[in-house]
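Notes for the one structure printed next.
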Amino acid sequence: MTLATDLNEEQALFRDMVRDFAREEVGPIASQIDEEARFPAETLAKMGPLGLLGIPIPEEYEGAGADLLSYQIALEEIAYHCASTALSLAAHTSLCTLPILAFGNEDQKKRYVPDLASGRKLGAFGLTESQAGSDAGATRTRAVRDGKTWILNGSKAYITNASHAATFVVTARTSGRAGRLASAPSSSRAASRGSRWARRRTSSGTARPTRRRSSSRTAACPGRTSSARRGRASGTS
Ligand SMILES: Cc1cc2nc3c(=O)[nH]c(=O)nc-3n(C[C@H](O)[C@H](O)[C@H](O)COP(=O)(O)OP(=O)(O)OC[C@H]3O[C@@H](n4cnc5c(N)ncnc54)[C@H](O)[C@@H]3O)c2cc1C
C-alpha cells in the first residue's frame, strides 16, 4: 500500500524534507549504531530543531501542530533507513508526549509537553516488567502518595530511550488489587534509574548519556510556526 497519492502539497514537501534528513543523517550511521549497540543521540538532537520530535503536538505546546499522517510519514521515512531510530521517535511521541497530552491535566501538559515537543528533552514509556508485558495487569511497580508527590517503587525492562530520556510515563499500581493501574509522567530523577533498568536491552537504549546542541537545519513541518523553527537548542538529557 502506498500513501503517496493521498498526500497534499504540504505533506509531500514534509515527506521530502524528512526523506532528505533520513538519507543524510539516519542511513549513514544505521549499521554502525547497531554494531556498536549505541543510542544515536546525535540524530535525535538534530530532529528537535526540525520539529520532528513534536510533529502531531499543538503549537501552543511548542509542537509542529501537524497531522497524524505527517507523523506517520516521518516514521516511515526514518524507518526505511533505521528501524530503531524510528522506534525512538515513536516511543518519544506516541508513548510519552501524546499520553500526557491526552490524559494529563493542564499543569502537567504545560510542565512536560513543551520540552518534549521541542526536543529539549527525550521521552520514554515504562510498562514492561519481568512478569508484565502483554499482561499489563500483572504490573508490580507501586505508586504511593507522599504528600503532593508520588513515590514510584519497581523495576521496568525493555524501555526504549531509557538511557537518554528525561521524562517517563510509567505504569504503576496504586492499590493491591489486580487490574488497578495508574500512569503518570515522572521526571529525570527517575531517568537515571531507567537507564539501569534497560541498559543493553536494545540498540536504542544502550549508550552513555551525552548532551548535544542543535544543528541549524531549517524545519519544514506542516503547521510549524516560524517562531518555533528558529534555533531552539536541542539535546537529550
Ligand atoms: C524493540 C522493543 C521495544 C520495546 N520498547 C518498550 C518500551 O518502550 N516500553 C515498554 O514498556 N516496553 C517495551 N517493550 C516491551 C514490549 O512492550 C513487551 O515485549 C510486550 O509488551 C510483550 O511482553 P513480553 O515480552 O512480556 O511477552 P509476553 O507478554 O510474555 O508474550 C509472549 C508471547 O505470548 C503471547 N501472548 C501473550 N499474552 C497472550 C494471550 N493472552 N493470548 C495469546 N497469546 C498471548 C504474545 O503474543 C507473545 O508471542 C519493547 C519491546 C521491544 C521488542
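Placing unit charges on each Cβ (+1 for Lys and Arg, -1 for Asp and Glu) gives region 8-105 a dipole about its Cα centre, and among 100, 73, 51 the Cα reaching farthest toward its positive end belongs to 100.
Judged by the ratio a/c of the largest to the smallest principal axis of the C-alpha gyration tensor, region 68-170 counts as oblate, that ratio being 1.5 or greater while a/b is no larger than b/c. Think of each Lys and Arg Cβ as +1 and each Asp and Glu Cβ as -1; about the Cα centre, that makes the dipole of region 1-76 roughly 160 debye. Classification of region 8-105 by its C-alpha gyration tensor yields an oblate form. The axis ratio a/c (a ≥ b ≥ c) is 1.5 or more, and b/c is at least a/b. What shape does region 79-133 have by the C-alpha gyration tensor, where a ≥ b ≥ c are the square roots of the eigenvalues, rounded means a/c under 1.5, and otherwise prolate means a/b greater than b/c and oblate the rest? Since a/c reaches 1.5 but b/c is at least a/b, the shape of region 79-133 is classed as oblate.
Every read-out reported here was derived from the displayed coordinates using simple, explicitly stated rules and does not represent laboratory data. Source: prediction; values computed, not measured. As a convention, Cβ positions derive from the backbone with ideal geometry for all residues, glycine included, and neighbour counts pool all protein chains shown.
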